[in-house]
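Here's the structure, in structure tokens; my notes come after.
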Amino acid sequence: MTTLRAIAGAVSLFAAASCFAQAYPSAPITMVVPFAAGSGTDAVARVIANKLGERLKQAVIVENKAGASAQIGAGYVAKAKPDGYTLFMTTNTSHSANPWLIKKLKYDPIKDFTPVARVGELPFALVVHPSVPAQTTEELIAYAKANPEKLSYGTPNSTSLVASETFKFLTNTRITSVPYKSSPQALTDLVGNQIQMYVVDLGSGWSMLKTDRVRTLAVTAAKGSTLLPNVPPMAKALPGFDITSWNGIFGPAGMPAEIAERLNAELQVLLKEQDVKDQLAQVGFEVWPTATPKEFARYVQQQLNNWGQLIEQSKIEAQ
């Protein structure tokens, strides 16, 4: 009798969970972005939110909570009710870099969130001012070694910072780091030759990379980029170099697995649509989804470890 009751209870719980998942969503969903409107992540979020809303038959509203290197948005979502109505579209900044770069981080990237799906990546490229006499990464390394401290590079975000410092560490070159508050500001100074190097995200630099006002030498992802098929990866000159900005969706910790799986399944479908890929490509974004929430969870932990190693070897001090 006890066994029968246990089985009945399990069936009842499963049925309740299934009904809950089928009823979801019954109200608009908020998708929090920890960066300002107009940023690369914001542009991606608006495409995804629009398409996801169509599939769920509920509005998915993008809400920007920018500031403090994504800490404001992350902290807000971490404290939100885990009912599937508050989602977090974020990047490696909040979940891979911040834990190593910020001493008193007010959230835990693993414990405080429910992974839903990786969406893709925003590739980064190494660009230089045309006055720099280098047509390849190898030539840039040789020039930097022959001219210590003559070059400077911009670091407006964690990926630019870690990629640039890793480049400097691996090449044993002396290049000056110049911090910026935003990517557009750094790109403007690169064009004006106030800085000579910049590891720029394709989201903010896409239109400029198509001109002769900057010279693109390499992409930071080891596999290269389909958006820049003729540009070699930095790993060609620096074996093992592989840094990119991933983008994914989370919920607060404790969000029902059925909801995470439902959202993941919907994202799998919409990210295969060609018009979605085309819209995202226009902002320099490459679709690269994970198959399941568990797969994304493993990826997030792996990236956290990888970024910790990169930051430690480059001797970047936490602030």
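Numbers at a glance
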quantity	calculated
Every pair of residues 6+ apart whose Cβ atoms lie under 7 Å, when the first sits in segment 160-174 and is modelled with pLDDT of 95 or more while the second is in a helix (DSSP H, G or I) and surrounded by 23 or more Cβ atoms within 10 Å (Cβ to Cβ)	Thr171/Ala144; Thr173/Ala144
Test: residue in segment 139-153 that is in contact (Cβ under 8 Å) with a residue 60 or more places away in the chain and either more than 24 Å from Gln303 (Cα to Cα) or open to solvent by 10 Å² or more (accessible area, probe 1.4 Å) (or both)	yes
Residue match in segment 269-277 (condition: touching a strand residue (DSSP E or B) at 6+ places or on another chain (Cβ under 6 Å), closer than 19 Å to Asp42 by Cβ and in contact (Cβ under 8 Å) with a residue 12 or more places away in the chain)	yes
Qualifying residue in segment 62-69 (condition: under 26 Å from Glu258 (Cβ atoms) and either crowded, with 21+ Cβ neighbours inside 10 Å or under 18 Å from the mean Cα position of the chain (by Cα) (or both))	yes
Breaking point among (1) in a helix (DSSP H, G or I); (2) over 21 Å from Tyr180 (Cα atoms), for Asn98	(2)
Residues of segment 202-252 that turn out to be part of a strand (DSSP E or B) and farther than 26 Å from Asn264 by Cα, as a count	6
Scan of segment 213-246 for residues that are open to solvent by 50 Å² or more (accessible area, probe 1.4 Å) and farther than 28 Å from Gly192 by Cα, ordered by number	Lys223, Thr226, Lys236, Pro239, Gly240, Asp242
Residues within segment 253-284 that are outside any helix (DSSP H, G or I), over 15 Å from Phe113 (Cα atoms) and not polar (S, T, N, Q), tallied	5
Some residue of segment 309-319 being part of a helix (DSSP H, G or I) and either among the aliphatic types (A, V, I, L, M) or open to solvent by less than 20 Å² (accessible area, probe 1.4 Å) (or both)	yes
Residue that is surrounded by the most Cβ atoms within 10 Å (Cβ to Cβ), among those in segment 96-121 that are under 26 Å from Glu317 (Cβ atoms) and among the aliphatic types (A, V, I, L, M)	Ala97
Long-range neighbours under 7 Å by Cβ, at least six apart or interchain, first residue more than 20 Å from Trp100 (Cβ to Cβ) within segment 68-88, second open to solvent by 60 Å² or more (accessible area, probe 1.4 Å)	Pro82/Gly254
Single residue of Pro148, Pro130, Pro115 found to be outside any loop (DSSP other than H, G, I, E, B) and either modelled with pLDDT under 95 or in contact with a Lys or Arg (Cβ under 9 Å, 6 or more places away or on another chain) (or both)	Pro115
Some residue of segment 243-250 being modelled with pLDDT of 95 or more, farther than 23 Å from Leu280 by Cβ and touching a Phe, Trp or Tyr at 6+ places or on another chain (Cβ under 8 Å)	no
Identity of the residue in segment 154-202, among the hydroxyl-bearing types (Ser, Thr, Tyr) and over 21 Å from Leu122 (Cα atoms), that ends up most open to solvent (accessible area, probe 1.4 Å)	Thr176
Tally of residues being assigned to a helix (DSSP H, G or I) and open to solvent by 50 Å² or more (accessible area, probe 1.4 Å) across segment 72-95	2
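The values are calculated or read from the model by the stated rules, or taken from the named source; none is laboratory data. Since the model is a prediction, treat every value here as computed from it, not as a measurement. With ideal geometry, Cβ positions are generated from the backbone for all residues, glycine too; neighbour counts draw on all protein chains shown. SASA here: full protein model, heavy atoms, side chains in, ligands and nucleic acids out. Shrake-Rupley method; radii C 1.70, N 1.55, O 1.52, S 1.80 Å.
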